[in-house]
Structures are given as C-alpha cells and as structure tokens.
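> Have a look at this one before I ask anything.
The values are calculated or read from the model by the stated rules, or taken from the named source; none is laboratory data. What you see is a predicted model, and the numbers here were worked out from it, not measured in a lab. Quick reminder, even Gly has a Cβ in these numbers, built from the backbone with ideal geometry, and neighbours come from all protein chains shown. Just so you know, the surface numbers come from the protein's heavy atoms only, side chains and all, with ligands and any DNA or RNA stripped out. Shrake-Rupley method; radii C 1.70, N 1.55, O 1.52, S 1.80 Å.
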Amino acid sequence: AKAAGRGLLRFFDPAMQVAVAERVQLESDMRSGIEAGQFELYYQPKVQQGRIIGAEALVRWNHPERGLVSPLQFVPLAEESGLILPLGEWVMKSACEQLARWSTHPVLGHLSVSVNVSALQFRQPEFAQQVLATLATTGAPTRLLKFELTESMLIGDIEATITKMGQLRGYGVRFSLDDFGTGYSSLSYLKRLPLDEIKIDQSFVRHVLTDPNEAAIARTIIALGASLDLEVIAEGVETEEQRVFLERNGCDMWQGYLLSKPVSLAAFEALVHARTPA
Ligand code: C2E
Ligand code: CA
Ligand code: CA
Ligand code: CA
C-alpha cells in the first residue's frame with residue numbers, strides 16, 4: 001500500500017509528468033528520426049606517433065527542432081526503450097559502408113573505425129551473424145572494424161561473450177575495452193577475454209600531471225596492457241603535456257581535443273588529408 005501510495009504521488013507530481021511526457025516525445029522522435037535519416041556519424045581521429053590511424057565513430061542526432069543532440073542525452077534513453085537496437089544497427093552499417101568507401105583510397109584506405117556497442121545490442125544472440133552479414137553486404141575490410149565494449153556488459157555470461165568475440169575475431173574484427181578502469185575490472189576475466197586493445201578512460205587522463213594517484217593508475221593500466229599483449233589507447237587527451245606523459249610511459253596511441261573533437265565525415269577526411277605529407 002505504501003509503494004502504491006508513493007507511485008500515486010509520483011504520478012501527480014507535475015514535474016515528473018513533464019519529464020515522462022518529454023521522454024515519450026523524445027522516444028517517438030527518435031523512432032521517426034532513424035527512418036528520416038536524422039542520425040549522423042561523427043569521427044574523432046585516433047593518433048599514433050603523429051599519424052591518424054583511424055577514428056572512433058560517435059553518433060549525433062540532427063533533431064529538426066532541438067538541433068544537434070548529444071548521445072549523452074539519447075543513448076541511455078535508447079537503451080532503456082530498446083531503440084538502441086535499430087540505432088546500433090544503423091551505426092554499424094554506416095561505419096561499414098564508410099570503411100568500404102575508403103578501402104580503395106590511397107590515403108584513407110588504411111583507416112580503421114571503432115564502433116561503440118551497447119550491452120543490449122551485444123547480448124542479442126544474432127549479434128555476430130548480423131555483423132558478418134553487414135561486413136559481407138558492404139564489402140568493408142573486416143580488419144579495419146573495431147568494436148568498443150565496456151566492462152559492465154562483459155560480466156554475466158562470460159562463456160557466451162568469449163564465444164561471440166572469438167567468432168568475430170576469427171574473421172579479423174577487433175575488440176577494445178572502453179572506459180577501462182571505471183567499471184568492474186577483474187583481472188582474471190580480463191586475461192580470458194579475447195581483446196585487442198584497452199582504452200584508458202579520460203577520467204584517468206585529465207589530472208595525470210597534477211594528481212600522483214591518477215598518474216599511478218594511468219601507468220598501471222599501460223603496464224597491464226603491455227603484459228597482456230594488448231594495445232593501449234588513451235582518450236580525452238587535451239594537452240601536449242598529457243600526450244607527452246602518456247608517450248613517456250609507453251602509450252603512444254591517443255585521441256582527444258588536442259588534435260580534434262569528433263567532427264563530420266567531410267571535416268575528418270580533410271583533417272587526414274591535411275596531415276598526410278604529399
Ligand atoms: P565514449 O565512448 O566514452 O566516447 C568518448 C566521449 O568523449 C565522446 O563523447 C567524445 O566526444 C568525448 N571526448 C573525446 N575527446 C575528448 C576530450 O579531449 N575531452 C573531453 N572532455 N571529451 C572528449 P560523445 O560523442 O558525446 O559520446 C558520449 C558517449 O555516448 C560515448 O562515450 C558513448 O558511450 C556513447 N555513444 C556515442 N556514440 C555511440 C554509438 O554509436 N553507440 C552507442 N551504443 N553509444 C554511443
Ligand atoms: Ca567509446
Ligand atoms: Ca570511452
Ligand atoms: Ca569515457
């Protein structure tokens with residue numbers, strides 16, 4: 001009775017009603033927006049030793065009234081409503097189409113694309129089949145596609161996770177562990193997962209020059225990656241000092257505002273061309 005009473009109160013809370021109405025609206029906008037082509041992939045360059053080696057694909061929503069909406073505002077909602085499934089499929093297909101378009105280009109042909117995958121999407125039993133079908137229909141080079149997974153989505157049925165990753169890796173697809181260190185990290189499962197890369201979360205990069213604890217964590221993650229034979233990339237690199245710190249400590253791959261924020265396809269391609277010696 002107490003719970004029902006609280007529910008009733010919540011129901012009549014006007015602020016709450018606005019929030020619910022807003023969510024319902026956003027959800028239905030999202031559904032139609034996917035079909036209307038309002039979503040767009042932005043690309044943030046990944047750099048190794050001064051060279052752009054690829055990009056992380058980050059979804060943006062060109063909302064007709066709200067303008068460019070950040071994924072922080074709609075990805076969690078899309079996850080709750082299940083809309084992340086059609087959206088995630090669209091993201092993966094777009095990234096693969098882009099890889100295929102670049103593949104014959106002398107300058108852009110070597111670029112890899114990292115795609116964020118949400119837990120719900122990855123847990124679909126048909127995920128691996130779907131990826132393989134998309135790779136086949138688009139003709140994207142499988143070795144240039146990388147998926148970013150987060151720690152929290154990998155716990156649970158670890159055997160199924162390993163099988164799924166192994167199946168895709170058999171075709172050359174690669175895997176990165178995103179936001180490393182922010183979730184539940186058990187070293188024993190880290191050793192078992194067929195990963196290619198770990199990504200140092202930006203929260204361990206931000207104060208790396210001023211906070212000795214953060215510096216120690218960053219160094220530890222880099223050493224861990226090396227000992228497990230994984231590539232290590234840092235995200236959220238904003239200053240030259242941060243980049244130098246990381247490089248001195250053995251991490252020469254990074255992305256961040258220091259080079260570029262995520263940008264449109266045209267802007268990304270222009271950036272790659274500008275940085276390629278003639
Ligand atoms: P994430 O995967 O951790 O992506 C990194 C976020 O950090 C991006 O935010 C990026 O714009 C931002 N960032 C990059 N460099 C810097 C920097 O130097 N400084 C700072 N302060 N921030 C930096 P964004 O694009 O807003 O994406 C937010 C999150 O939304 C992503 O976090 C990811 O979890 C999710 N997301 C984005 N695109 C997709 C997608 O296609 N599918 C799924 N499932 N999630 C996505
Ligand atoms: Ca990511
Ligand atoms: Ca990340
Ligand atoms: Ca992050």
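> Using the C-alpha atoms of segment 163-278, what convex hull volume per residue, in cubic angstrom, is computed?
Expressed per residue, the convex hull around the Cα atoms of segment 163-278 is 142 Å³.
> Quickly work out the E159-to-R275 label distance, labels modelled 7 Å from Cα along the C-beta direction, and quote it in nm with one decimal.
About 4.4 nm, to one decimal.
> Heavy atoms only, probe 1.4 Å: what % of the accessible area of the chain goes to carbon and sulfur, would you let me know?
55 percent
> To the nearest 0.05, what FRET efficiency results for E89 and S186 with a Förster distance of 25 Å applied to their C-beta separation?
On the way: r = 30 Å, r/R0 = 1.21.
My answer for the efficiency is 0.25.
> Beyond a 26 Å Cα-Cα separation, which of these cross-linked pairs lie in this structure: K164/K261; K46/K93; K164/K191? Write out the running numbers ahead of the final one.
On the way: K164/K261 32 Å; K46/K93 20 Å; K164/K191 16 Å.
Too far apart for the 26 Å limit: K164/K261.
> Could you work out the pair-distance distribution P(r) of the chain from its alpha-carbon pairs, with 10 angstrom bin width and percents rounded to whole numbers?
Bins of 10 Å from zero give 6, 26, 32, 24, 9, 3, 0, 0 percent of pairs.
> Can you give the accessible area per residue of the chain, in Å², using a 1.4 Å probe?
For the chain, the solvent-accessible area averages 50 Å² per residue.
> Just want to confirm a number: the relative contact order over the chain, from Cα pairs under 8 angstrom separated by 6+ residues, in percent.
17 percent
> Let me ask another. Based on the Cβ-Cβ distance from T239 to E40, what FRET efficiency comes out when R0 is 25 Å, to the nearest 0.05?
Efficiency, from the Cβ-Cβ distance: 0.30.
> Among I198, I155, I222, which one shows the highest mean-square fluctuation when the chain is modelled as a Gaussian network with alpha-carbon springs under 10 Å?
Fluctuation is largest for I155.
> How high is the FRET efficiency between Q167 and E80 when r is their beta carbon distance and R₀ equals 30 Å, given to the nearest 0.05?
E between Q167 and E80, to the nearest 0.05, is 0.60.
> What is the spin-label model distance, in nm, from A215 to E247 if the labels are put 7 Å beyond Cα along the C-beta direction?
Once both label points are built, they end up 1.8 nm from each other.
> A follow-up question, please. Output the relative contact order of segment 49-109, whole-number percent, from Cα pairs under 8 angstrom with separation of 6+ residues.
17 percent
> Turning to a different aspect of this structure: Could you state the number of Å between the C-alpha centres of segment 109-143 and segment 70-99?
13 Å
> Mind checking the angle between helix 14-35 and the chain's longest principal axis? C-alpha axes, 0 to 90 degrees, to the nearest 10.
60 degrees
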